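> Before anything else, here's the structure in question.
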Amino acid sequence: MGEKIKQIAVVLGAINLDNQKKLLVGMEKAAKDFNANLFVFTNYVGTRETEESIMASSQILSLPDFHTFDGVVLVPNTIHNPIALKTIMEDIKKLDKPVVSLDRKIEGISCVGIDSYAAEFEMVEHFIQHGYRDIVCITGATMVSTEAQKRLQAYKDALEKHGIPFKQENVYEGGFTMETGIMAAQKMLEENRIPEAIISGNDDMAHGVIDVFKKAGIRIPEDVKIAGFDNGELSQLNRPTLSTVDKNQIGVGYRAVEELLALIDGKEVEDVVLPCKMCYRESCGCQSVEDGSVDIFQLAEELKNKYVTQQIDTIFMADVIRGMTTDFAKVRTPEELYDVFHQYVSQMGVNTFYLCMCEKDKVFVLPERNFGKNIDAQRINNDYTEFIDIAVGYEKRQFVTYDRFEKGYVLPEECRNKSGGNTFVVNQIFYQNYCYGYAVCQRVESVVASGLYYSMLMEIGVALENVRQSMLLKDAVDRLNGMWCYDNLTALYNRSGFYYEAKSILDNLRAEKKNVFILFMDADGLKAVNDNLGHEAGDLLIREIGAIVHKNTTNEMLGMRYGGDEFVIFGGFADGEENKVKDLVSSINLDIDRVNLARKYPFRLSVSIGESYLKATDIEELDVLIEQADKEMYQEKRRKKMARK
């Protein structure tokens, strides 16, 4: 046998951002080089996401049982949900497996990253050396990102070193997205606040600022100087070219996986700091001096080809989603939805994909019929179930099936160990706060990097919610339809339902030449319970007797609440089975004794029972037999009264 394939969990939030994409490229290369499998637990965060959807999509981070992996790569600064991050950090501290943290030092854990504080300090100092003192800082998400906090501190310290007072109004909170850069720039324009220079927490926010300022007629760098942080693809193509810091994130991602594998093999914990590269270009007033190995025209051609490919993939994926959404509208059950998705998964442009669903009977669950309560209880499934089913499995363009497995493994063990060098991206399938499962996709950059892929997953979540709501609606309609035939308090048949169902049973008993029996039951002492304990206690007594009738009524019998405190059981028996009725009466009395022995209620259950029998062929109307059993019941009640005297 060959060497065991290492299984690595990667916790990486907001996979759609440029920084995370670069990290993933490096990790993916390392996984291939070392024949390891990566499982990347991530979410897609847009600027128009609600807090509820961010919280729900972050649920994916709680899916894995880290003990089922050989090690974990954690990128805490990318997780912008503080509750999810706190939970993960607590789990990591208790874990007995190797862990590597990126860009945030955690006690007892290896950290791989860059010295972003020093790089930001140097960039601010570079502006100061240009002679600028009015410098604005657009931060990242400082509430949750230690990287953003370190860079803000570097900004403050550089100002202090050169005797420039720090002003809080010069700090604009961003979120590492182009949209938050746009919002910061718009706020500056509204405040008529045009500084000499701007330090941006990353390139995306810097591009957003440049776009807004250009449209407002503000020139870069003549009127305002600006620098980013990341050295993204567009930084050298932007006009003017963007001054920035090359964080070497591809190298950081690669080294993180390499370091983790070394820890798994017994290496001691140590921190690794990789160098940054300062890129001073036109946006800060410098002449762009690039490494001679960089061919701007070649880079532009590569980006153009990449853009064209993405556009083609986007158009194709949009068509797939439109068709899928239309077909989803027709489904009424989860199984129908999975059949529809089967038709589209092969069109997604991926080789391997798994639609992993929570246990159906715990997700698509109808409200419980809670006898004894005023309302039915509807459970909300806001977490993964203990076991997972692969509703749609697609491997190397072939459909496959697997048995149910424990959720912490993410995929069945035999599936995880088939081959190494794979990168699987794992995303939540949800609707608002309702958890349906998750998707596992073998990474294909043109698919997984596209926002449309996440739109497709959301469409699946919406379709599953529509199915669930349709099931709930049907259940409600069935209940409404059943109100004419069921007693609301006990869920036994009422008279209308009883006589409707009894007709076909009586016809069968006639055809089989069997006998018919009626048990007529009356609750003893209901009036005293109502008078002394209240009507709620009286209703509880009625429901308890109703539950006993339910328990003792088999498929070939009917139970009915005849009215008030009176109940009827109707059934048949063959000649020679007369003891069947006596046994039924004994079973009912035994169940009543059990309830009384349990002392659950402030009253005692007691019923009087009358019996009547007749050949089915001799019966024209059941009412005759019911009246006879009623008379027998009153005889029983009188005997009880006489016995008490």
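What follows draws every value from the coordinates through simple rules; no lab data is involved. This structure is a prediction, so every number in the text was calculated from the model and none was measured. Here Cβ is always computed from backbone atoms with ideal geometry, including for glycine, and neighbour counts include all displayed protein chains.
> Label-point separation (nm) for Val462 and Arg638, each offset 7 Å from Cα along Cα-to-Cβ?
7.2 nm
> With the calculation restricted to Cα positions, what are the radius of gyration and Dmax of the chain in angstrom?
35.6, 114
> Follow-up. To the nearest 10 degrees, how steeply does helix 18-33 sit against the main Cα axis of the chain, on a 0 to 90 scale?
The angle comes out at about 80 degrees.
> Nearest 20 debye, what's the magnitude of the dipole of the range 508-549 about its Cα centre given +1 on Lys and Arg Cβ and -1 on Asp and Glu Cβ? Before the final figure, lay out each step's value.
Numbers: 5 positive and 7 negative charges, 94 e Å.
Using Cβ point charges on Lys, Arg, Asp and Glu, the range 508-549 gives about 440 debye.
> Could you run the Karplus curve 6.51 cos²θ - 1.76 cosθ + 1.60 with θ = phi - 60° over the range 253-263 and give me ³J(HN,Hα) per residue in whole Hz, x for Gly and Pro?
x, 5, 5, 4, 5, 4, 5, 4, 4, 5, 5
> To the nearest whole percent, what portion of all C-alpha pairs in the range 193-243 is separated by more than 19 angstrom? Show your work: numbers first, answer last.
Numbers: 176 of 1275 pairs.
In whole percent, the long-distance tail amounts to 14.
> Related question: Which far-off residues, 5 or more places away or on another chain, put their amide H under 5 Å from the one on Tyr486, with H placed in the peptide plane?
Counting only residues 5 or more places away or on other chains, the set is Asn494.
> Here is a further query. Which of Lys503/Lys640; Lys503/Lys551; Lys105/Lys187; Lys86/Lys225 have a Cα-Cα distance over 29 Å? Before the final figure, lay out the partial values.
On the way: Lys503/Lys640 34 Å; Lys503/Lys551 22 Å; Lys105/Lys187 34 Å; Lys86/Lys225 38 Å.
Result: Lys503/Lys640; Lys105/Lys187; Lys86/Lys225 exceed 29 Å.
> Tell me, what is the Rg over Rh of the range 225-283, with Rh the Kirkwood radius over Cα pairs?
Working: Rg = 15.8 Å, Rh = 13.2 Å.
Radius of gyration relative to Kirkwood radius: 1.20.
> Run the numbers on the chain and let me know its relative contact order in percent, using alpha-carbon pairs under 8 Å that are six or more apart.
Details: 1119 pairs, mean separation 81.6, N = 645.
13 percent.
> Once each part is reduced to its C-alpha centroid, what is the distance from the range 591-605 to the range 160-226 in angstrom?
76 Å
> With the Cα gyration tensor of the range 565-645 giving a ≥ b ≥ c as the square roots of its eigenvalues, does the rule (a/c under 1.5 for rounded; else a/b larger than b/c for prolate; else oblate) give rounded, prolate or oblate?
Values: a/c = 2.35, a/b = 1.65, b/c = 1.42.
Judged from the Cα gyration tensor, the range 565-645 comes out prolate (a/c at least 1.5, a/b above b/c).
> P(r) tail for the range 134-290, what percent of Cα pairs lie past 19 Å? Walk me through the numbers before you get to the answer.
Numbers: 6951 of 12246 pairs.
That fraction is 57 percent.
> While we're looking at this one, here's another question. If you place +1 on the Cβ of every Lys and Arg and -1 on the Cβ of every Asp and Glu, how big does the dipole about the Cα centre of the range 132-278 come out, in debye to the nearest 20?
On the way: 17 positive and 24 negative charges, 112 e Å.
It works out to roughly 540 debye.
> For Asp593 and Glu3 in the same chain, what is the full-extension length gain: residue separation times 0.36 nm, less their Cα-Cα distance, in nm? Please report the intermediate quantities before stating the final value.
Values: separation 590, 0.36 × 590 = 212.40 nm, distance 6.55 nm.
Extra length from Asp593 to Glu3 when fully extended: 205.9 nm.
> What do you get for the angle between helix 451-482 and the principal long axis of the chain? Use alpha-carbon atoms, 0 to 90 degrees, nearest ten.
That helix lies at roughly 10 degrees to the long axis.
> While we're looking at this one, here's another question. How much length is gained on full extension from Ile315 to Asp618, taking 0.36 nm per residue of separation minus their Cα-Cα distance?
Values: separation 303, 0.36 × 303 = 109.08 nm, distance 7.54 nm.
Computed gain between Ile315 and Asp618 is 101.5 nm.
> While we're on this one: At a Förster radius of 25 Å, what calculated FRET efficiency corresponds to the Cβ-Cβ distance of Leu237 and Glu179, to the nearest 0.05? Could you put the intermediate results ahead of the total?
On the way: r = 20 Å, r/R0 = 0.81.
Between Leu237 and Glu179 the formula returns 0.80.
> Simple spin-label model, 7 Å along Cα-to-Cβ: Leu274 to Asp531 in nm?
8.7 nm
> Okay, moving on. Using only Cα atoms, tell me the angle between helix 334-345 and the longest principal axis of the chain; keep it within 0 to 90° and round to the nearest 10.
Tilt of helix 334-345: around 30 degrees.
> Moving to a separate point now. In nm, to one decimal, how far is the Lys32 label point from the Asp403 one, both placed 7 Å along Cα→Cβ?
3.5 nm
> Would you work out the charge dipole size for the range 467-596 about its Cα centre, treating the Cβ of every Lys and Arg as +1 and the Cβ of every Asp and Glu as -1, and quote it to the nearest 20 debye?
Numbers: 15 positive and 21 negative charges, 97 e Å.
Roughly 460 debye, rounded to the nearest 20.
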